[in-house]
Amino acid sequence: MGDILNEASAIIKCKECPWFKNCVSPIQASADDIAHFRMMMQTTNIPDAAKTEMDNAIEGMASSSQNMIIQSCPVFTQRLKDNPKLAQAIKEMMQNWGREEETINNQ
């Protein structure tokens, strides 16, 4: 009975979720976010050399994270955690992305 209630709850959350039909998206670190961080750094008592080093590190992380990190809705995340087969199916789908089209085009 608990599984049924959990799934019903997830469906309700999914339909009410602001992520609806957009369960996963790349993290976006905008120029404004980086500028805001720089302003916060200016108010700290960290030496200037360390501020520059931290600023460069944050900027590098922000640009690389956009290609490596995604945000996902809480229902999607929980379903992946609860169902390793789902995660494996998504992984296999991603690994085979485009192969079906190649097969069709080569026939």
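The values are calculated or read from the model by the stated rules, or taken from the named source; none is laboratory data. Please read all numbers here as calculations on a predicted model, not as lab measurements. With ideal geometry, Cβ positions are generated from the backbone for all residues, glycine too; neighbour counts draw on all protein chains shown. Quick note on the areas: whole protein, heavy atoms, side chains included, nothing else; ligands and nucleic acids left out. Shrake-Rupley method; radii C 1.70, N 1.55, O 1.52, S 1.80 Å.
Quick look at the numbers
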quantity	calculated
Test result for residue 13, within 23 Å of residue 75 (Cα to Cα), touching a helix residue (DSSP H, G or I) at 6+ places or on another chain (Cβ under 6 Å) and among the charged types (D, E, K, R)	yes
Given (1) open to solvent by 100 Å² or more (accessible area, probe 1.4 Å); (2) within 15 Å of residue 79 (Cα to Cα), index of the condition residue 7 fails	(1)
